[in-house]
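Please treat every number below as a calculation from the coordinates, not as lab data. Since we're looking at a predicted model, the values are computed, not measured. Here Cβ is always computed from backbone atoms with ideal geometry, including for glycine, and neighbour counts include all displayed protein chains.
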Amino acid sequence: MYFKDIPGHTDLKAYVSKIVGENRVPHAILLVGGEGYGKLALALALAAYLQCTDRKDGDACGTCSNCKKTQQLIHPDIHFSFPVVTKGKLKRADTTSQHFLPEWRSFVLSKPYGDLNEWLQHIGATDKRANINVAECNQILKNLSLVTYEGGYKIQIVWYADLLGKEGNRILKLVEEPSDDTIIILISHNRNAILNTLRSRCQIISVPPVDDTALLEHINVQFDLSPEDKQELAFLSAGNIRKAYLLGHNTEMNYSEDLFEWLRTAYKGDPELIVTQVDAYAGQGRQELINFLEYGLHFLREYLLLLNSGDQNILKLTETEKEVALKMGKILDVNKTEGLKNLFETAIGYVHRNLSLKSLIMHITLEINAILRSEVDNLVT
C-alpha cells in the first residue's frame, strides 16, 4: 500500500511525507478516525515510505527490495499486532498475532479497509471475542528490542489499539523512551479508549472521512456501474471506503425506489403484501438489510435537510433520488421523518444481533405503519 493508492487525504499524505523527509517523524503516532476512513492503509503507506530506499515525489518507489517486501507484508522490520482469539490447542493467554500472520496477510491484501468483524469472519471466529492480551504486549516489547534486519526503522503497527485496555501500560516505557530507529503506530477509532498515559505520549493524527470527489474518482476506477449509481454510491458511503466496497458489490443501486415501496407497503397495511415483502428482504441476508437500513438513514437525513432548507441543490442525492424525495413530500413531514430516522437507527442495532430477520423486518414494517397512518392516503396512489 502506497500513498498514491489511497483515495483522498491529500493534505494528510503531504504532511506525513513532509515530516519523513525532514526527519521529524514522531516515535509514537496515534491514527484516529472512523471506520473505513483508511487508517490502516495510511499506516501501511507510511511504513512503506519510511523503509523505502529510493523515495520519489512524496511516496515510496515501489520497486526497491524494501518496497517489495512491504507490499507483501513480509518486511522483517515491520511488525503487526491486532486482536486475536484462541487458535488450535493454544491457550488464549499464549496466543498472539504471530500465530495468525498468514491469515492477517491474506486479509489485509484483500481488504485493506476491512474492520474487526470482517477480520473475525476471515479467521472463522465471528462467535468469539477478540482482544490484545498480555502476551501480545510482551511480543511488542520483544519485536522492538531486536536489531533491524535491513538497517532502517523498526516499525510496530497496532491495529484496533482500542482493545489494548489497561495492558497498554506494559508498552508505556517503550513509548516514553524509544530508540532512535523505532516507530510505533497505534490505530484507533476512539481515542478515549486509549489509556490517557499512553495517548498523551503519542502525536495524534486525525483521519477524516474521504471527501466525496476523491471517493467518486476511486469508485469510477473500482466499480462497473452507471454514472448515477456511482454518484449514489459515493454519497451513501459518506467518506467510508469500506462501506463503498460493501455497497459497490450491488450491480444496481435501486435503494431509493425500494425504500419508497417499503413505505408504501407498510402504509397500506395489506397482510399479504407485507408478508411477501418481508420474505423478500429477509432472503437477502443480514448484511444486505444493514446496507439498506443505512441507506434509509442517509436518505431520511437528506430529506430532512430538504424539508428544512427547501434547496435541492445542497442534497447529497442523485436526480432519481430527488424525484423520490419529492414523492415523499406528499406524506412525510419533519416529525414523521424524525420518527422513521430514529426507528432505522434502532433497527440497525437489532440487526447486528442474532435475531430472526423475518420477525425483525415484520416489526420494523409495523412500526413504519404506526408512524405513517396519521397521514393522508398519498402513498397508495
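Kirkwood hydrodynamic radius, computed over distinct alpha-carbon pairs, for segment 3-208: how many Å, to one decimal?
Details: mean 1/r = 0.0582 Å⁻¹.
It works out to 17.2 Å.
Can you give the charge dipole size of the chain about its Cα centre, rounded to the nearest 20 debye, using +1 on the beta carbon of Lys and Arg and -1 on the beta carbon of Asp and Glu?
Rounded to the nearest 20 debye, it is 1720 debye.
Compute the helix-to-body angle for 255-268: its Cα long axis versus the longest principal axis of the chain, expressed 0 to 90° and rounded to tens.
Its long axis makes an angle of about 40 degrees.
Once both axes come from the Cα atoms, what is the angle between helix 286-309 and the longest principal axis of the chain, in degrees from 0 to 90, rounded to 10?
70
Seen from all sides and averaged, what is the projected area of the convex hull of the Cα atoms in segment 311-370, in nm²?
Numbers: hull surface 20.8 nm².
Taking a quarter of the hull surface, the average projection is 5.2 nm².
So if each residue of separation counts as 0.36 nm, and I subtract the Cα-Cα distance between CYS61 and ASN196, what length gain in nm does that give?
On the way: separation 135, 0.36 × 135 = 48.60 nm, distance 3.70 nm.
Answer, rounded to one decimal: 44.9 nm.
So what are the three principal axis dimensions of the chain from its Cα atoms, in whole Å, longest to shortest?
74, 48, 36
Normalized C-alpha radius of gyration of segment 161-276, against 2.2 N^0.38 Å?
Scaled against compact globular proteins, the figure is 1.68.
For segment 155-195, go through all pairs of different Cα atoms, get the mean of 1/r, take its inverse, and jot down that Kirkwood value in Å. Please list the in-between numbers first.
Values: mean 1/r = 0.0933 Å⁻¹.
For segment 155-195, the Kirkwood estimate is 10.7 Å.
By average Cβ neighbour count within 10 Å, what is the ranking of 309-319, 90-100, 256-266, 295-305 from highest down? Each step should come with its number before you reach the end.
Numbers: 309-319: 13.4, 90-100: 15.5, 256-266: 19.0, 295-305: 20.6.
Ranking the peptides 309-319, 90-100, 256-266, 295-305 by packing returns 295-305, 256-266, 90-100, 309-319.
Specify, per residue and in Å³, the volume enclosed by the convex hull of the alpha carbon atoms belonging to segment 255-372.
91
Within the chain, what percent of beta bridges assigned by DSSP are antiparallel, to the nearest 5? Intermediate results must be reported in sequence, preceding the final value.
Details: 2 of 21 bridges.
Counting only bridges with both partners in the chain, antiparallel ones make up about 10 percent.
Helix 319-328 versus the longest principal axis of the chain: what angle, 0 to 90°, nearest 10, using Cα atoms?
Between helix and principal axis, roughly 50 degrees.
Quickly estimate the mean residue ellipticity at 222 nm for the chain, helices only: each DSSP H run with n ≥ 4 gives -39500 (n - 2.57), and the total goes over all residues, rounded to 500. Show your work: numbers first, answer last.
Values: 17 runs with 192 residues, N = 381.
It comes out at -15500 deg cm²/dmol, rounded to the nearest 500.
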